[in-house]
Every structure is written in structure tokens, then in C-alpha cells.
Amino acid sequence: ARREALSIVVLGASGDLARKKTLPALFSLYYHDLLPSDFYVVGYARSNMTSEAFRNTIKSSLTCRVIEGPECARKMEHFLSRCFYVSGTYHETTAFRTLDEFLVNEFEKERWNRGVPTNRLYYLAIPSNVFAEACRGIAHAHTKPPESTKGWMRVVLEKPFGRDLDTFQTLHQELQLYISEEQTFRIDHYLGKELVQNVLALRFANYFLEPLWNNQHIQSIQVTFKENFGVEGRAGYFDQYGIIRDIMQNHLLQMVALFTMEQPASLNAEDIRDEKVKVLRSLETLRATDFVIGQYMGYREEDGVRPGSKTPTFAACRMNIRNRRWDGVPILVKAGKHLDERLAEVRVTFRSVPGSIFSLANTLPNNELVVRVQPDEAIYLRIVSKSPGLTSRLEEARLTLFYRTAWEEAHDIPDAYERLILDVIYGDKSLFIRSDELKVAWEKFTPALHELEQSDRYRPVPYVAGSRGPAEADYLAARYGCVWASDL
Ligand code: BG6
């Protein structure tokens, strides 16, 4: 491969996302020898700090996951020695000039002189209200390298991308002035999770599911996201957005799309995203009446929450995909904070056996395929089986694929951000959200969000922190003949 240098600029380097996710993921990639050998990391944020102080602040968040020891410590020191810090604001082009000059003078110019192309990855770990000005700064301050040593420039962004269709479009148009769609990598970190990545393989590399994968054979699909903790110091952000925008419109909708889309023409990023957009367009636009919303008791007392806030910390809804394959199959989606457990899974329930000769069959569960994204990654099929011995009793049994016991590697499943950053470096967009995909996601959610927020008819139902959430969600499921399930 051509020798190329890579500068990784982390904007918002002193913030939560950078400290908890971006920088640890970068170190882990380095630890596993997956970063290009000639790389350096430049943290950029408003606080004044020396590079030395920056290294000290990030050091405590880096880990070697499985193998701590002298090798880990040595690699950590080496990684840190390649980390630098520049301070500056997000709205001043002069500040971005300082950053640009630092990159050029400290690293790039010398490489250009040796004929080595230099690439730049900007990771925007900053609030979305400064995305546009940061991109303007990046674009305006950019010093062009000589044509012969020109590399790529890519920008990584993460939700919230607006708060409804209009604000998304305004933000998108503004960003387009400075960075092209080709340079834009929109993260939805659920797509980087091991089990979510496996959905396409499970569906399209196996024979047995496809013939059953439609409304003739599937009774319902449940997508569940539960956390057993609250907003944890992020109330300022969360209270502005709420659980529907925080989790459903992105992470859970992406999972719905992967489970319901048609087979893409190839594994090429555009083909995959074409199919996701297509199925999302067939989704019936959601209305407030499709939802149950809740708020955990004590939420309003959290620091950063507005008094009397109506922001939901729990939501459940029913979706319908109006196409030949899915119409009529209830897709029940639920997300909540401060519930009884931490769980993310998708559960596909098949219909009951017609004309069953087993009298007990009615009381036994229908077949179910469960993809448990976390914790304790697993794929399993719930089946009915005769219990062993001189009996004819039937019982529920499971065909299971528990990652932890099935694969040695499962002890070291990379964090979603590692996979995603690696893909940015390779320029592979299959796990990133295309702008038309985001637009259709907002189109489907905006009417319901506006109704829920603008009418006094809809108020979140209070629920006890640590509980299963509002009982109204159970009634919602019951309307479609379903029960929310969990096997943890
Ligand atoms: C983020 C949300 O996107 O995902 C958080 O903003 C949430 O509110 C988090 O806690 C959950 O991610 P994970 O990977 O811990 O399931």
C-alpha cells in the first residue's frame, strides 16, 4: 500500500463523547495495529491546555480491554506521545487557521516534501448547534497540499441532526456549503455493534429464514431498548430532545430497517443504503396516537431538566410497513431510561402452528428468533420440544448461539466506535447514514413529535424508576395481540 500519513483531529476533545468513546476507540485501534503507522491525533476544544495536560486528562480513559500489562502501558505511552492539543473556538476562522497551521507546520509540510500524501479525519465530538460553524472553519482555513501529495479529508458527525424535518434540512443545507456528502460520515453507533452488523449475514447468507420472512409467517416484531439508569449528567442535552429523538428515530429505526429491508444488490454501501431508504419510505408515517410516552419519577428534579418538563424518557410505539412483505405485521418499538434492566434486542415472533395436533400447543410460546444486541450478545431460536424421558410433555427449548461461549474472539468484541472509525479511515460507508435516509427518518417521525409536543392531550405517564415502565405500553402491545417479552 501507498505510504500515507493520517491526522485525526478531534473537535470537542475535552468533552464526554471524546473522552468516553472517540479517544479510547482510537487507542484501541492503535493497540491492535489497525491505525496507519504514520498517524497523530490533535485534540481541539475551547479550554486552554498544553498537549502534556491533554495527555494526562485522556490517559485515565484509555484501556487495553483484555490484556493490561507492560505491553499495554508501553503502547499507551507511545500513543499518548502522538497526541497533541490546540485550543480554539468553533466560530472563528482565525482559530481554525491556528489549528490548520499547527497541522501543516508540525506534521504535514515535512511529509509533503518527502512526497507522502496526508489525509485528515475531523471527528466532531461537539454539540450539533456548532456543527455548521465548525465545518465552515475547517473548510475556510484549509491549506491545500500540493496536488501530488493530496490526500482525503473526511468529517465524522453524530446525532442530533436537527430536531425535526425542517431543522434537519436547514442544518443539512448549511453543512453542504462546506463539506460534500462524500466527505460526510454520519455515525449511528448502533450500526457498529457486532450483532447489528450480523443482521445482513443472518438474513441473507442463510437459507432457512427468507421463505418465512414475511407477513404470512411472522406475527410481530419487537424492538426493545432499555437502560437501568437515568440521564446521567446529560440532562441538558436530553431534555431538549427526549427518548424518541435520542434512541428511536435513529438506533431503533436502523434496526427495523435492517430486519425488514429487501436483499441489497450487493454489499456495496450505496446498495445497502438504497434498500434501507426504500423500506423506510414504505413505513406509515407515525402519529401521536401510535405512541405511549412516559417519564420516570424524579426526572424533573435532575440538574439541567426544565421545570415541568414534558420530555419523555420512555416511549413505545407501533409501526406498520405498508408493502407486500410486511403490511399488517405489528412492529412494536420500545425505548426507555431508568427501567428494570439494560437490554437491546430484536424479537421476531412467528405465527402459531395451524391445526396443531398437540393439545398443549396453545399454551406454549410461538417460535421466536431473538437477536440480543446487548448485554451478553446472543442469537437464539425459541422452539417447542418434547421433554426427554417417558413423557410426552412439551416444553419450550432454545437453539442458542451465545457469543461468549461460541467464540474465543467474543471475549474481546470491539466497541462500536472502533469499527466505525476504522471504516472512516478505509472510506467504507456501509455503516454510515446517508442524507436521504435521515430525511425519510425525520419525515416519518416529525408529525408524531409535533403532535406529542404541541398538544396538551399528550403528557408522559409517570413511572417508577427501576420499573417496567408505564402499563399503558402493555395495553398498546395487547391491542396488537402482543406481550412485551424479555428473557434476561
Ligand atoms: C446514545 C444515547 O446514542 O446511546 C444515549 O444518546 C444512550 O442516551 C446510548 O445511553 C446507548 O448506547 P449504548 O451503546 O450504551 O447502548
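The values are calculated or read from the model by the stated rules, or taken from the named source; none is laboratory data. Everything numeric in this text was worked out from a predicted model, so none of it was measured. Cβ atoms come from the backbone with ideal geometry, glycine included; neighbour counts cover every protein chain shown. Surface accessibility is based on the protein's heavy atoms, side chains included, excluding ligands, DNA and RNA. Shrake-Rupley method; radii C 1.70, N 1.55, O 1.52, S 1.80 Å.
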From the option list L11, L34, single residue qualifying as surrounded by 22 or more Cβ atoms within 10 Å (Cβ to Cβ), out of contact with any His (no Cβ under 9 Å at 6 or more places or on another chain) and touching a residue at least 60 places away in the same chain (Cβ under 8 Å) is L11
All conditions in (1) out of contact with any Lys or Arg (no Cβ under 9 Å at 6 or more places or on another chain); (2) at pLDDT 95 or above are true of K310 except (1)
*Look at I357 and say whether it is within 23 Å of G469 (Cβ to Cβ), open to solvent by 10 Å² or more (accessible area, probe 1.4 Å) and not small (G, A, S).*
no
Within the stretch 352-384, the residues that are part of a strand (DSSP E or B), touching a helix residue (DSSP H, G or I) at 6+ places or on another chain (Cβ under 9 Å) and closer than 30 Å to A416 by Cβ are L369, V371, R372, V373, Q374, A378, I379
Of the listed residues (E301, E341), the one being open to solvent by less than 70 Å² (accessible area, probe 1.4 Å) and among the acidic types (D, E) is E341
- For E408, are the conditions met, namely being open to solvent by 50 Å² or more (accessible area, probe 1.4 Å) and away from the ligand (no atom under 16 Å from the Cβ)? yes
When every residue in the stretch 464-473 that is of a type outside the set (G, A, S) and over 26 Å from the mean Cα position of the chain (by Cα) is compared, the one surrounded by the fewest Cβ atoms within 10 Å (Cβ to Cβ) is V464
Cβ pairs under 7 Å, 6+ apart or interchain, first in the stretch 467-488 and of a type outside the set (A, V, I, L, M), second in a helix (DSSP H, G or I), ordered by first then second residue, are W484/A473; W484/D474; W484/A477
Selection over the stretch 325-346 where residues are within 16 Å of the ligand (Cβ to nearest atom) and under 19 Å from W213 (Cβ atoms) yields a count of 3
Within the stretch 347-388, of all residues that are within 30 Å of G230 (Cα to Cα) and in contact with a Phe, Trp or Tyr (Cβ under 6 Å, 6 or more places away or on another chain), the one nearest to the ligand (Cβ to nearest atom) is E377
For the stretch 201-254 the number of residues that are part of a strand (DSSP E or B) and either among the β-branched types (V, I, T) or within 16 Å of the ligand (Cβ to nearest atom) (or both) is 6
From the option list T63, T93, single residue qualifying as open to solvent by 10 Å² or more (accessible area, probe 1.4 Å), of a type in the set (V, I, T) and either touching a Pro at 6+ places or on another chain (Cβ under 8 Å) or on the phi > 0 side of the Ramachandran plot (or both) is T63
Meets criteria (touching a residue at least 12 places away in the same chain (Cβ under 8 Å) and open to solvent by 50 Å² or more (accessible area, probe 1.4 Å)) for E133:
yes
Exactly one of T289, T311, T349 is hydroxyl-bearing (S, T, Y), surrounded by 15 or more Cβ atoms within 10 Å (Cβ to Cβ) and not in a strand (DSSP E or B), and that one is T311
With the first residue restricted to the stretch 220-238 and required to be among the acidic types (D, E), and the second required to be more than 8 Å from the ligand (Cβ to nearest atom) and outside any loop (DSSP other than H, G, I, E, B), Cβ contacts under 8 Å at 6 or more apart or on different chains are E227/G336; E227/L339
How many residues of the stretch 170-190 are charged (D, E, K, R), surrounded by 18 or more Cβ atoms within 10 Å (Cβ to Cβ) and either away from the ligand (no atom under 11 Å from the Cβ) or over 21 Å from L17 (Cβ atoms) (or both)? The answer is 1
For the stretch 239-251, indicate whether the set of residues that are surrounded by fewer than 23 Cβ atoms within 10 Å (Cβ to Cβ), over 21 Å from A485 (Cα atoms) and free of Cβ contacts under 8 Å to residues at least 60 places away in the same chain is non-empty. no
Original post:
Does the stretch 191-200 include one or more residues that are surrounded by 21 or more Cβ atoms within 10 Å (Cβ to Cβ), of a type outside the set (A, V, I, L, M, F, W, C), assigned to a loop (DSSP other than H, G, I, E, B) and within 16 Å of the ligand (Cβ to nearest atom)?
Top reply: yes
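Residues checked against (1) at pLDDT 95 or above; (2) surrounded by 15 or more Cβ atoms within 10 Å (Cβ to Cβ):
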{"site": "V370", "(1), (2)": "yes, yes"}
{"site": "S387", "(1), (2)": "no, no"}
{"site": "L399", "(1), (2)": "yes, no"}
{"site": "R419", "(1), (2)": "yes, yes"}
{"site": "D423", "(1), (2)": "yes, yes"}
{"site": "D456", "(1), (2)": "no, no"}
{"site": "P460", "(1), (2)": "yes, yes"}
